[in-house]
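Taken together, the values in this text are just the output of simple stated rules run on the coordinates, not laboratory data. These numbers come from a predicted model, not from an experiment. Ideal geometry is used to build each Cβ from the backbone, glycine not excepted, and the neighbour counts take in all protein chains shown.
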Amino acid sequence: MNASLPFPVEAPYRVDQVMAAPLAMTGLFLGQLLLATLISRFALRGQRQAWWIAAGTLVASEALFFTLASWGTRDPTVLSHHLAISLELVRGEPFWMALAPLIVRLPWRMSLVHGLVVGGYAALAILLARHWRCPAWGGWWALLLCSSPMLRYFLQNGVSRQALLTLLLVPLLLRAADLARPPTWLVTASSLLAATVHSAFLGTLALVVLPRPLITPLQSLRRALLGALRGRRALLGALGVLLVAVVAAPLIQAKLAVYVFSVQYFNSFPLAPAVQHLQLAMALGVVLTCWTRRLRLLALLHCSRTRVLLLFALLYGLLQQLIAVEWLPQIAIRFADPVGLFLLISWLAWLQHHRCLWAVLPALLVTLQSWLVDRLIASHTLPCGRNDEFLCVPDRWPWQLRY
């Protein structure tokens, strides 16, 4: 981006300093497959220190991969430019306003921030596998999440701010859906931080707490709700959400009006064949688990994790239909990836609960095939330099870039 030229107001946002590097990026990804294999091997052999080293290396590799790959995409490009001259694009998002002076001094600026966010997704998958006592699967789960076509808008379009918001709300999701028991301080701190990250906080928060009634036996639901209303923590939490809603209401209303009346563009990533193939593979994993464990329908309905999984599967299908029929697709597309992430997490939790972790293999194979063949190997055909595209990487070192 030459400083002597005006910054473009529409795509393409980058006209130079990019190139396609399919061999280098494919090699980096194959290295991640090797690391996932080593993580499995170290876990099975009980080599804890080696496991942590391999897991940390995989997280760093994912961060580097997505830092390079997101360099040529729209959101990192726009923010890398504008954060140096104005905070208008992040108005109402205190987290990014506070970090802007640091971001513009980082190598690759927002692209590096995006890589770190994706590294957080990889770390989430690895830590969940360790918490659920299946550390051998941590590396494969990390690849499943970071490469998933369900998260293409977040992770491959460089939508770092909303992706970080969703990641920060995962501890609350785990607690609300009873998938894990993260410490209260972590749930509180991450949720409060999430409120400062993106204007989609309240909408995503509603999705996060939606599974809570489903984990309570129906006959005890009324008693549980009354008890929660009397609890001090519930009252403080409700007051906190109310305060955020009051403060953020003008910004949310303004953005909603823009999306409904002004924004006409929307992508159709959730309708891509790769997503449909992944959904079928996940359904196959469920069928294989039910057949292997001889699970009957009544037993499934009595399982809270089944109800949570079904909830997010139906929500994702509903969002796909809203996009397909073009009924407020500008808004539906912005919540498809959060629901997709929650669906993947609840699906992994369901497989772990029924002790059928190998049933993840069909979904993993579909994801890796789509990622390796359809995205990486085919990246040599990208119009790098003429359009804003994921996998168009920097063609020079960070200190040689012109912003």
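Here's the yes/no breakdown for (1) in contact (Cβ under 8 Å) with a residue 24 or more places away in the chain; (2) within 28 Å of ILE126 (Cα to Cα):
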| site | (1), (2) |
| --- | --- |
| LEU298 | no, no |
| CYS303 | yes, yes |
| LEU310 | no, yes |
| TYR316 | yes, yes |
| PRO329 | yes, no |
| PHE335 | yes, yes |
| TRP347 | yes, yes |
| ARG355 | yes, yes |
| TRP358 | no, yes |
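What number of residues within region 174-205 are buried (at least 20 other Cβ atoms within 10 Å of the Cβ), out of contact with any helix residue (DSSP H, G or I) (no Cβ under 7 Å at 6 or more places or on another chain) and in a loop (DSSP other than H, G, I, E, B)?
Number satisfying all stated conditions: 0.
Identify all residues within region 316-330 that are closer than 13 Å to ASN267 by Cβ and assigned to a helix (DSSP H, G or I); write none if there are none.
Hits for region 316-330 are LEU319, GLN320, ILE323, ALA324, PRO329, GLN330.
Just the residues that are farther than 20 Å from ALA272 by Cα and part of a loop (DSSP other than H, G, I, E, B), please, taken from region 358-403.
PRO383, GLY385, ARG386, ASP395, ARG396, TRP397, LEU401, ARG402, TYR403
Any residue that is more than 22 Å from GLY158 (Cβ to Cβ) and buried (at least 19 other Cβ atoms within 10 Å of the Cβ) - is there at least one of those in region 60-72?
Scanning region 60-72, I find no residue that is more than 22 Å from GLY158 (Cβ to Cβ) and buried (at least 19 other Cβ atoms within 10 Å of the Cβ), so the answer is no.
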